[in-house]
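Derivation of every value follows stated rules applied to the coordinates shown; laboratory data play no part. In this text the structure is predicted, and so the values were computed from the model without any measurement. Glycine also receives a Cβ, built like all others from the backbone with ideal geometry; neighbour counts cover every protein chain displayed.
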Amino acid sequence: MTFSRKIACIALIGSLGFGAAASAQDVSAAVSARQGSMNILALNIGVLAGMARGNAEYDAETAQAAADNIATISMMDQRFYWPPGSDSDSFEGSRVLASAWEDFAGVAEKSAAFGAAAEGIQAAAGNGLEAMQAALGPLGASCGACHDDYRQPE
Amino acid sequence: MKRIIGVMFGLAVFGFGAFLLVTQPRSIAPEQLAGLTGDPVQGEAVFWAAGCASCHAAEDSSGDDRLILAGGQHFPSDFGTFTAPNISPDPNFGIGDWSLAEFVTAVQEGVSPEGQHYYPAFPYTAYHLAQTQDIVDLYAFMMTLPQDSTPSQPHDVGFPFNIRRLVGGWKFLYVSDEFTLQGDLAQDVARGRYLSEALAHCAECHSPRNLLGAIDSSAWLQGAPNPSGRGRIPDITPSALGWSQSDIANYLRDGFTPSFDAAGGHMASVVQNLANLPDEDRMAIAAYLLAVPDAQ
């Protein structure tokens, strides 16, 4: 194992929450940050879905800007988002099920699917309404797949 | 004394007879379906509206995999864990050797070709309200789907719920010939009521149940505990939901809420089904939901 590979592994394990226990304040900041990142996604998806639903006229430049933002969020390194003690059983206001910390393979797979869908919308958003609509479906499905398994129902 | 014993015996015989009568599995005779011809194209629309794939396809499947009805998904409940059977047209492991009358009996009366009651985890309480023609079309469509040779697994249900005959009594009490939303309905609301109550069976998850697991129609669509044990299935009556007709219809197509959150849980699968319907049908479901009474 090379040195850099080792560093990457340590970072990954840290991001899974096996690192040192975080303070309540750290947990709160992490939950706010990850929920903020979801809200940024929702705002930009709203721009695209508004056009896809016919509530707003399709505009290639606007659609591209929204899709670029979604792609940017998808590329963020999330290692600081998921401290131990930030699951829905442990922290008021969190809706992430504890199972997310127990099923790394599942989370990684769904996260990769989201990344691919975000790349897809970034590539398609400026190419006309139909191309954008076609890419929006898989994006929504990738959001829903993770919510399905790891988000506590309201 | 002899006389009292005689009366008791008579009552017991009468009671047992009534039990047998009430719990007798009903079936549809082939003659009752004479003259009906199945249209697989219409049947596909019924298939998506009725949500068959949500339970009978593999969990998390998408695209064409949702047409492989191999069964195997587990459904925990207060009465035990039910496992969806294989309903692909495989003649040995699925329903490929079923006659049309057997199929209609299963879907609308909840009785198997062997004459046993199905548990109401299979939402025949809803399908009972469907037009027979729709179920005949559904049969035509489902027989075109891919065959799968996965054996069905048994349910894990304890005593006394494992006595299937008792389900007949449950049906006597709780299977209704009437829609829940009554009154003079506009055409789109009536269409939405048909789709929601007879096919899509929204109330199965969105309404609370009594101790015997029957839907409490006085709290229709007012939300319920999640049988998986986590959180609640939301109240979707008009004020509680607070969405417009187009908000609801759009959500049922693309899965985004008015705040552009994405549907999760079992609802993500429901959206995958309903996305296959024409826009008018999703608007009709939305019109129906806005006509359902709010919680008091």
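Mind jotting down the three principal axis lengths of chain A based on Cα atoms? Whole angstrom, largest first.
Here the Cα extents, ordered largest to smallest, are 49, 42, 24 Å.
Relative contact order, percent, of chain A when contacts are C-alpha pairs under 8 Å separated by at least 6 residues?
It comes to 28 percent, rounded to a whole number.
Which whole number gives the average count of other chain Cβ atoms within 10 Å of the Cβ atoms across peptide A:36-43?
The mean count of partner-chain Cβ atoms within 10 Å per residue comes to 2.
Just to confirm my numbers, what's the Cα centroid distance between region B:119-166 and region B:246-296 in Å?
25
Taking each residue in B:265-271, count the Cβ atoms of any other chain within 10 Å of its Cβ, then average. What number comes out?
4
What is the fewest-to-most order of B:55, B:205 by other Cβ atoms lying within 10 Å of their Cβ?
By the 10 Å Cβ count, ascending: B:205, B:55.
Go ahead and run the numbers for FRET between residue B:81 and residue A:92, Cβ-Cβ distance against an R0 of 45 Å, rounding to 0.05.
0.90
If you rank A:79, B:282, A:53 by fewest surrounding Cβ atoms within 10 Å, what's the result?
Listed from fewest to most nearby Cβ atoms, that is A:79, A:53, B:282.
Kindly rank B:66-73, B:173-180, B:162-169 from highest to lowest mean number of other beta carbons found within 10 Å of each residue.
Averaged packing, sorted descending, gives the order B:66-73, B:162-169, B:173-180.
Which residues' amide hydrogens lie under 5 Å from the amide hydrogen of residue B:59, considering only partners 5 or more residues apart or on another chain, with H built in the peptide plane?
none
With n ≥ 4 as the cut-off for DSSP H runs, can you work out [θ] at 222 nm for chain B, using -39500 (n - 2.57) per run divided by the number of residues, rounded to the nearest 500?
My calculation for chain B gives -11500 deg cm²/dmol from helical runs alone.
Along the positive direction of the dipole of region B:1-64 (beta-carbon charges: Lys, Arg +1; Asp, Glu -1; about the Cα centre), which of B:8, B:38, B:63 reaches farthest?
After comparing all options, I get B:8.
Mind ranking B:12-25, B:31-44, A:87-100 by how tightly packed they are, going by the mean number of other C-beta atoms within 10 angstrom, highest first?
Most protected by this proxy first, the peptides run A:87-100, B:31-44, B:12-25.
Below 8 Å between Cα atoms, with a sequence gap of 6+, how large is the relative contact order for region B:28-174 in percent?
32
Other chains near B:248-258: what is the mean number of their Cβ atoms within 10 Å of each residue's Cβ?
Counting Cβ atoms of other protein chains within 10 Å of each residue's Cβ and averaging gives 4.
Please check which bits of region B:71-107 a label hung off residue B:31 would reach, taking the label as a point 7 Å along Cα-to-C-beta and the cut-off as backbone N under 18 Å.
B:100-102, B:105
What list do you get for B:125, B:132 if you sort them by fewest beta carbons within 10 Å?
The order, fewest Cβ neighbours first, is B:132, B:125.
With label points built 7 Å along Cα→Cβ from the Cα atoms of residue A:105 and residue A:80, find their separation and express it in nm.
Label at residue A:105, label at residue A:80, 3.2 nm between them.
Run the numbers for residue B:114 and residue B:97: contour at 0.36 nm per residue of separation, minus the present Cα-Cα distance, in nm.
My answer for the length gained is 4.9 nm.
7 Å from Cα along Cα→Cβ at both residue B:162 and residue A:72: what's the point-to-point distance in nm?
Between residue B:162 and residue A:72, the label points sit 6.1 nm apart.
Based on Cα coordinates alone, diagonalise the gyration tensor for the protein assembly as shown, multiply each eigenvalue by 5, take square roots, and list the semi-axes in whole Å, largest first.
Values for the protein assembly as shown, descending: 44, 27, 22 Å.
Apply 1/(1 + (r/R0)^6) to the Cβ-Cβ distance of residue B:279 and residue B:14, taking R0 = 60 Å, and write down the FRET efficiency to the nearest 0.05.
It comes to 0.60.
Using amide H atoms built 1.01 Å from N in the peptide plane, name the residues 5+ places from residue B:77, or on other chains, whose amide H lies under 5 Å from its own.
B:82
Please turn the phi angles of region A:139-154 into ³J(HN,Hα) values with the Karplus equation 6.51 cos²θ - 1.76 cosθ + 1.60 (θ = phi - 60°), one per residue in order, whole Hz, x for glycine and proline.
3J(HN,Hα) across region A:139-154, in whole Hz: 5, x, 5, 6, 5, x, 4, 6, 4, 4, 8, 10, 10, 5, x, 6.
I need the helices of chain B that pass two filters: whole DSSP H segments spanning 20 Å or more by Cα along the axis, and mean Kyte-Doolittle score no lower than -1.0.
Helices passing the filter in chain B: B:2-23.
Starting from the amide H of residue B:201, placed 1.01 Å from N in the peptide plane, find each other amide H under 5 Å away whose residue is 5 or more places distant or on another chain.
Placed amide hydrogens put nothing under 5 Å from residue B:201.
Suppose R0 equals 22 Å. What FRET efficiency, 1/(1 + (r/R0)^6) with r the Cβ-Cβ distance, do residue B:62 and residue B:259 give to the nearest 0.05?
0.35
At 7 Å along the Cα-to-beta-carbon direction for both residue A:29 and residue B:186, put a label point, then send me their distance in nm to one decimal.
5.3
Name all residues of region B:103-124 having a backbone nitrogen under 17 Å from the label point set 7 Å from the Cα of residue B:214 along its Cα→Cβ direction, giving them as ranges.
B:109-110, B:118-124, by backbone N distance to the label point.
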